[in-house]
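Engineer: Sharing a structure here in structure tokens format.
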Number of protein chains: 2
Amino acid sequence: MTVASRLESLRAHMQSLKLDAIWVPRADEFLGEYVPIHNERLAYLTGFTGSAGVCVVTMDAAILFVDGRYTLQAANQCPEPLFEHQHIIETPPETFLRDRLSENQVVGVDARCLSFQSFTRIEQTLGENSISLSAMAENAVDLIWTDRPVASVNPIILLDEAVTGASSVQKRAAMAESLKKANADAVLLTQLDSIAWTLNIRGDDVPHLPVLLAYAIMTREGDFTLFTDTHKLVDGLADHVGPGFSVLPIDQFDVYLKGLSNTCARLLFDPQTCHAHSPLLCRDQGIELIEQSDPAEQPKACKNATEVAGIRRAHVRDGVALCRFLAWLDGEVASGQAHDEGSVSDRLEAFRRELPELKDLSFSTISAAGPNAAMAHYSHTNGVPSPLVLNSVYLVDSGGQYLDGTTDVTRTIAIGEPSDHQKEMFTRVLKGHIALSSARFPRGTAGNQLDVLARQFLWEIGKDYDHGTGHGVGCYLSVHEGPQRIGKTPGPTAPLKPGMVVSNEPGYYEAGAYGIRCENLLVVVETDTPMLAFEPLTLAPFDRRLILVSLLSEAETQWIDDYHAQVREQIGDELQGEDKEWLQAMTAPLAA
Amino acid sequence: MTVASRLESLRAHMQSLKLDAIWVPRADEFLGEYVPIHNERLAYLTGFTGSAGVCVVTMDAAILFVDGRYTLQAANQCPEPLFEHQHIIETPPETFLRDRLSENQVVGVDARCLSFQSFTRIEQTLGENSISLSAMAENAVDLIWTDRPVASVNPIILLDEAVTGASSVQKRAAMAESLKKANADAVLLTQLDSIAWTLNIRGDDVPHLPVLLAYAIMTREGDFTLFTDTHKLVDGLADHVGPGFSVLPIDQFDVYLKGLSNTCARLLFDPQTCHAHSPLLCRDQGIELIEQSDPAEQPKACKNATEVAGIRRAHVRDGVALCRFLAWLDGEVASGQAHDEGSVSDRLEAFRRELPELKDLSFSTISAAGPNAAMAHYSHTNGVPSPLVLNSVYLVDSGGQYLDGTTDVTRTIAIGEPSDHQKEMFTRVLKGHIALSSARFPRGTAGNQLDVLARQFLWEIGKDYDHGTGHGVGCYLSVHEGPQRIGKTPGPTAPLKPGMVVSNEPGYYEAGAYGIRCENLLVVVETDTPMLAFEPLTLAPFDRRLILVSLLSEAETQWIDDYHAQVREQIGDELQGEDKEWLQAMTAPLAA
């Protein structure tokens, strides 16, 4: 079946469903960052494989909406005239449809694949021209997808309390308190990491994210009903989770919700992360909806002491693999071996895979040579990997999922002799990294209040980077976790609290030339003053060959030396031979 | 008439008006920071003279609500049992009344003395217990105030375009564009500084704020009707303001609004700064209300080149007066003369009053010796002024209103030999001041994103200050002007734009011991990069005797030396004899 014939089949269904357009987002009912292959409906329908986009199919057109990252890729993968193209920020699909369609026409959508908030917003915009948004009973793409892959049925992994630091019973009791405070009878959980965290379980259903596909309802008493493919269940699950736990097949979820009003008058859910279908169904049963953030979000974000200890262990392990890789890479470059982005990325992955504790990479490695590193979201797997560029810098952003923690680290490496300008820009990025890492701040401070610390040395010379400075990171969970972030959005963001893990990743990018990023993970800690502070979790040297020591203050030089001493202490004994010598040299005091 | 008998008279009116309580705020119909004496209704009724508070009078109680600044003062000025006392933040009057009164009772208020936003909020809270908020036809305090002072009728001052840089016609044309964009037929202006700015006029009706008491309606064509006491009118006003200008007596305002629906279907107003009475009256006439910020706010905040030049001239002048004062003070201290907060404050005012261009102080001088400086909002006029404290620091925060600009400056001065700890804290505050002053930042950056720069060296050692870092300042207008501010509120604040004037005033306070603040005014300027930057406007040395040079980086030392050189260049020639020698010594390079 070609893409053209898929579009035609979809249109046949549109006609029988009396729809004038169908909205197909790159999302499934769990609305996560990663979509399992059997839910890649947008890719199946259109051939577009980017990580974000919407296709709107009308009787006479198929319009693909993507953002600036994917403009070229969309044009290549979905050529005209079969497709029209629009920029999703400049022309959002809902305003496009409002202006393109006529009064009383109907747009169909799978309300499982849009957040409640998006659904409401789109409905409102279309309504400005009396166009209605109709939730389809079944996803129309599924109706035409004859060779759809089957979902994984990998068994659930039970996480010991020695790793999680708290039992599911304890976690549910704390979450139940939030429900009582909100005067809710139950909460609808659809965030996969929240469900996995609450039950102290993990899964293997989504790439890079160790969760199982599931929904859940938890009552204000902490009783938890999990809806999932029951083939994934393992012996001991019920004992592991503890009292007040039951499992039902995921295909019975709607039936369950239809009977929920017997026991639940007020249902809490998170309108930003929860799909529209289930809350709308509950509302139809007369259940009052309470829109509030996911009650697992805050306790999941604030890691307990056991989790922090595990995350530190994971970083020692991950640092050893990364240092072995960096030592190897320096050797290869020194001996003139030809390598490309793919071969070095594979070698890094191989070092990590030697670790028995590694479960997965925490995201697809960004391995970018020369000018490729200047492209946000570059992937060497999208085309032919480029060879490393001599006398420039190489950027590698990677991480692992371990049973006790998740890592995410970026290092920028000298290949040959980079220019003085590149060294200056690296040093400015590093100074920003150091300033943020050294910050102390009162409780209540949000990431957007600290962001300037990381950018100030670039702003000083009129430069900046066009991405956030930091994101939250889970514990053997999502590498992008909320609610905290560090960025320049002036709007309110969540306060940084003890135990939160956050990345510190300022960068600098010169289009067509090179890219620089310095990323450690940090954990928020208390101090002997009323202030909070960060401690680095990541353990790997910054490339001293790129540091212009003359641009560093005494305190900054000291910070680097102290950090490098810590790296040496924590992972030095795990390295042997030339790797160990490499680490000694790379972490020697800068002043020396 | 005693306070007790005033309360009784008010209760008699309450009874005849069938009210169960009357709400008396410390505000008049213009809702400004300063209230003219004839509108000080709260002080008349209760004897409480603080700058913020609410008295709620019921048939059997009078409850005074003030914030932490005024708890002691309120207890002294309004003793029990005649008054009850409440903390206005912990127990807001509306929740207090909701819980104290019974269903169907009625609270009376003058809807001219509450913002539209507050009125709506209070009405809603009271409604939770079916209590209603009733807008009284006349202010009940006025009915009992037999010896009320008369309002000032000082003549209007016309500001030349050589000072304002733009004609009223030009300003009104630009504001009319905002009305068209909002699809409004007219705007209701009640902010006194907006009215004065738009018409290029000033007044003398309010202490420290050079405006006239007035309302205004401007149409989308830019036609402007001013409502004021017509005794203030001066010859040439109509020509000065230009076409499309008319004046009506302020007591005809309500009558005018009642006929407004003939020409205005949609009226714009600012619900945060405009009182509730007039918009509610318009709504009753069937006029649709558009809630949006005052259209003069942005253009007034972004000073044009002529205004910035004037503000710089005002700062040269003000700097000369301040330096003469500081030189005098050093001499007095050196020669062992006994002075108190009042005598030195008077001397500073006298130096400013020697300037023919001075129109007023821009606020009541804060002159605080020793431990008094640790109290926020200290005023030496509230009791017996304290003598200067030897071997400590003296804090003086003051400013002037000049025809071409408004100043606001704080200096902390060594009296004798302050302790090393005081010097360290002064130096840390100064480092924060320097970091903020030196910042460069992209367009779109709001003050809360830069605030950390000023606090970082205090946060580093677990300290902080409990006030904002900076506020906007008008041009021969309000010394506290929006929308920009620099503070640690995580919420969105207005982006800093070229021409905005903002204070930079980090501080440090040790209760019972001393207080430190370093304040310059800054103007936002463009640079030769895409970034914006600040330039200092204030011209007066920081007290070098309090600076621990060893705590400064090279760049910080250079900043001080450069700033001091600039002070010397700009005001050195205006000083004579010992004053000039004093300035030379105080501005000599630190390193020397």
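The values are calculated or read from the model by the stated rules, or taken from the named source; none is laboratory data. Being a predicted model, the structure only gives us computed values, none of them experimental. Note: ideal-geometry Cβ built from the backbone for every residue, glycine included; neighbour counts use all protein chains shown. Quick note on the areas: whole protein, heavy atoms, side chains included, nothing else; ligands and nucleic acids left out. Shrake-Rupley method; radii C 1.70, N 1.55, O 1.52, S 1.80 Å.
Engineer: Calculate the spin-label point distance for A:T529 paired with B:N304, positioning each point 7 Å from the Cα along the beta-carbon direction, and give it in nanometres.
Structural biologist: Label-label distance for B:N304 and A:T529, simple model: 4.7 nm.
Engineer: Report, to the nearest 10°, how far helix A:554-571 tilts away from the longest principal axis of the Cα atoms in chain A, using its own Cα long axis and a range of 0 to 90°.
Structural biologist: 80
Engineer: Here's something else I'd like to know. Averaged over its residues, how many other protein chain Cβ atoms are within 10 Å of peptide B:164-173's Cβ atoms?
Structural biologist: Details: counts 0, 0, 0, 0, 0, 0, 0, 0, 0, 0.
Counting other chains' Cβ atoms within 10 Å and averaging over B:164-173 gives 0.
Engineer: Also, quick follow-up: When the chain is fully extended, how far beyond the present Cα-Cα distance does B:L233 get from B:L390, taking 0.36 nm per residue of separation? Don't skip to the answer; put the middle values down first.
Structural biologist: Details: separation 157, 0.36 × 157 = 56.52 nm, distance 5.19 nm.
Contour length minus Cα-Cα distance gives 51.3 nm.
Engineer: Could you pull out every residue, at least 5 positions away or on a different chain, whose amide H is within less than 5 Å of the one on A:M136? Hs are placed 1.01 Å off N in the peptide plane, and Pro or chain starts have none.
Structural biologist: Those lying under 5 Å, H to H, from A:M136 are A:V109, A:D110, A:A111.
Engineer: Per residue of the protein assembly as shown, what 222 nm ellipticity follows from adding -39500 (n - 2.57) for every DSSP H run with n ≥ 4, rounded to the nearest 500?
Structural biologist: Working: 38 runs with 408 residues, N = 1184.
Per the formula, -10500 deg cm²/dmol.
Engineer: If you count, for each residue, the other Cβ atoms within 10 Å and average over each peptide, how do A:411-419, B:285-293 line up from highest to lowest?
Structural biologist: Working: A:411-419: 19.1, B:285-293: 15.6.
Result, highest mean first: A:411-419, B:285-293.
Engineer: Further, regarding this structure: Cα-based Rg of chain B per 2.2 N^0.38 Å, rounded to two decimals? Present the calculation step by step, with values, prior to reporting the outcome.
Structural biologist: Working: Rg = 25.1 Å, N = 592, 2.2 N^0.38 = 24.9 Å.
Working it through for chain B, the quotient is 1.01.
Engineer: For the pair A:K181/A:E424, report the inter-label distance in nm, with labels modelled 7 Å from Cα in the Cβ direction.
Structural biologist: 5.1
Engineer: Highest mean first, what order results for A:265-275, B:365-375 on Cβ atoms within 10 Å?
Structural biologist: Working: A:265-275: 20.9, B:365-375: 22.6.
Highest mean packing first, the order is B:365-375, A:265-275.
Engineer: Another one. Could I have the simple spin-label model distance between A:H467 and B:H377, label points 7 Å from Cα toward Cβ, reported in nm to one decimal?
Structural biologist: According to this spin-label approximation, the distance is 4.7 nm.
Engineer: Now for a different question. How big is the Kirkwood radius of region B:119-175, worked out from every pair of different alpha carbons and given in Å to one decimal?
Structural biologist: Details: mean 1/r = 0.0594 Å⁻¹.
After inverting the pairwise mean of 1/r, the radius is 16.8 Å.
Engineer: What do you get for the angle between helix B:3-16 and the principal long axis of chain B? Use alpha-carbon atoms, 0 to 90 degrees, nearest ten.
Structural biologist: Tilt of helix B:3-16: around 30 degrees.
Engineer: When the Kirkwood hydrodynamic radius is evaluated over all pairs of different C-alpha atoms of region B:523-592, what value in angstrom, to one decimal, is obtained?
Structural biologist: Working: mean 1/r = 0.0742 Å⁻¹.
After inverting the pairwise mean of 1/r, the radius is 13.5 Å.
Engineer: What number in nm² do you get for the protein assembly as shown if you take the convex hull of its Cα atoms and divide its surface by four? Could the numbers behind the result be given before it?
Structural biologist: Details: hull surface 204.5 nm².
Average projection, Cα convex hull of the protein assembly as shown: 51.1 nm².
Engineer: Here's another thing I want to ask about it. Express the C-alpha Rg of region A:163-214 as a ratio against the empirical globular expectation 2.2 N^0.38 Å, rounded to two decimals. The partial results should precede the final answer.
Structural biologist: Numbers: Rg = 12.3 Å, N = 52, 2.2 N^0.38 = 9.9 Å.
Taking N as the residue count of region A:163-214, the ratio is 1.25.
Engineer: Per residue, how much accessible area does region A:461-542 show when a 1.4 Å probe rolls over the protein heavy atoms, in square angstrom? Kindly include the intermediate steps, with their values, before the conclusion.
Structural biologist: Details: 2280 Å² over 82 residues.
Accessible area per residue: 28 Å².
Engineer: If you plug each phi of region A:82-89 into the Karplus form 6.51 cos²θ - 1.76 cosθ + 1.60 with θ = phi - 60°, what whole-Hz ³J(HN,Hα) values come out, in order, with x for Gly and Pro?
Structural biologist: Karplus-based 3J(HN,Hα) across region A:82-89 equals 4, 10, 9, 10, 9, 7, 5, 7 Hz.
Engineer: Once you have all Cα-Cα distances for region B:407-537, histogram them in 5 Å bins from zero and send the whole-percent values.
Structural biologist: It works out to 2, 11, 21, 23, 18, 13, 7, 3, 1, 0, in whole percents.
Engineer: Sticking with this one: If R₀ is 51 angstrom, what is the calculated FRET efficiency for the pair B:H87 and A:A511, using the beta carbon separation as r and rounding to 0.05? Kindly include the intermediate steps, with their values, before the conclusion.
Structural biologist: Numbers: r = 57 Å, r/R0 = 1.11.
Using R0 = 51 Å, I get an efficiency of 0.35.
Engineer: Averaging sequence separations of C-alpha pairs under 8 Å and six or more residues apart, then dividing by the length of chain A, give the relative contact order as a whole percent. Don't skip to the answer; put the middle values down first.
Structural biologist: On the way: 1231 pairs, mean separation 62.2, N = 592.
Relative contact order of chain A: 11 percent.
Engineer: What's the long-distance tail for region A:101-233, i.e. % of Cα pairs beyond 17 Å?
Structural biologist: Values: 6170 of 8778 pairs.
Of all Cα-Cα pairs in region A:101-233, 70 percent lie more than 17 Å apart.
Engineer: Near the amide H of B:Y402, under 5 Å away, which other amide H atoms are found, from residues 5 or more places off or on another chain, if H is placed in the peptide plane?
Structural biologist: B:K359, B:T407, B:Y476
Engineer: Something else now. List the pairs from B:K423/B:K488; B:K463/B:K488; A:K303/A:K431; B:K232/B:K359; A:K431/A:K488 whose alpha-carbon separation is above 20 Å, in the order I gave them.
Structural biologist: In this structure, B:K423/B:K488; A:K303/A:K431 lie more than 20 Å apart at Cα.
Engineer: Further question on the same structure: What is the average number of partner chain Cβ atoms found within 10 Å of a Cβ in B:451-460?
Structural biologist: Details: counts 3, 11, 3, 0, 5, 8, 0, 3, 10, 7.
Mean shielding by partner chains, rounded to a whole number: 5.
Engineer: Which residues does the label zone of A:M59 cover in region A:1-43, counting backbone N under 11 Å from a point 7 Å along Cα→Cβ?
Structural biologist: A:15-16, A:18-21
Engineer: Using amide H atoms built 1.01 Å from N in the peptide plane, name the residues 5+ places from B:L268, or on other chains, whose amide H lies under 5 Å from its own.
Structural biologist: Result for B:L268 returns B:D185, B:A186, B:V187, B:L188, B:I290.
Engineer: Please list 3J(HN,Hα) in residue order for region B:534-540, calculated via the Karplus relation 6.51 cos²θ - 1.76 cosθ + 1.60 where θ = phi - 60°; whole Hz, with x for glycine and proline.
Structural biologist: Each residue's phi maps through the Karplus curve to give 9, 10, x, 9, 5, 10, 6 Hz.
Engineer: Determine, at each q value in 0.10, 0.11, 0.22 (inverse angstroms), the log₁₀ of I(q)/I(0) that the Debye formula gives when each Cα of region B:1-112 is one equal point scatterer.
Structural biologist: Taken in order of the listed q values, log10 I(q)/I(0) reads -0.26, -0.32, -1.38.
Engineer: Taking the highest mean first, how do the peptides A:426-433, A:142-149 order by number of other beta carbon atoms within 10 angstrom per residue?
Structural biologist: Highest to lowest by the protection proxy: A:426-433, A:142-149.
Engineer: Give me the Kirkwood hydrodynamic radius of region B:172-284, using the inverse of the mean 1/r over all pairs of distinct Cα atoms, in Å to one decimal.
Structural biologist: On the way: mean 1/r = 0.0694 Å⁻¹.
Radius from the Kirkwood sum: 14.4 Å.
Engineer: Per-residue Cβ counts within 10 Å, from other chains only, averaged over A:440-449: what number is that? Each step should come with its number before you reach the end.
Structural biologist: Details: counts 7, 7, 7, 0, 2, 6, 5, 1, 6, 10.
Rounded to a whole number, the mean comes out at 5.
Engineer: Separate question: Test of understanding: extend the Cα→C-beta vector of B:E138 to 7 Å, then name every residue of region B:16-37 with backbone N under 17 Å from that spot.
Structural biologist: B:16-19
Engineer: Hey, another quick one. Which three extents, in whole angstrom, do the alpha-carbon atoms of region B:307-380 cover along their principal axes, largest first?
Structural biologist: 39, 30, 16
Engineer: If I stretch the segment between A:D67 and A:E161 completely, what's the gain in nm (0.36 nm per residue apart, minus their alpha carbon distance), one decimal? The partial results should precede the final answer.
Structural biologist: On the way: separation 94, 0.36 × 94 = 33.84 nm, distance 4.23 nm.
Stretched fully, the A:D67-A:E161 segment lengthens by 29.6 nm.
Engineer: Sticking with this one: For the Cα atoms of chain A, what angle does the longest principal axis make with the long axis of helix A:305-334, in degrees from 0 to 90, nearest 10?
Structural biologist: Its long axis makes an angle of about 60 degrees.
Engineer: For a bin width of 5 Å, list the pair-distance distribution of region B:376-425 built from all Cα-Cα distances, rounded to whole %.
Structural biologist: 5, 15, 19, 20, 18, 12, 7, 3, 0
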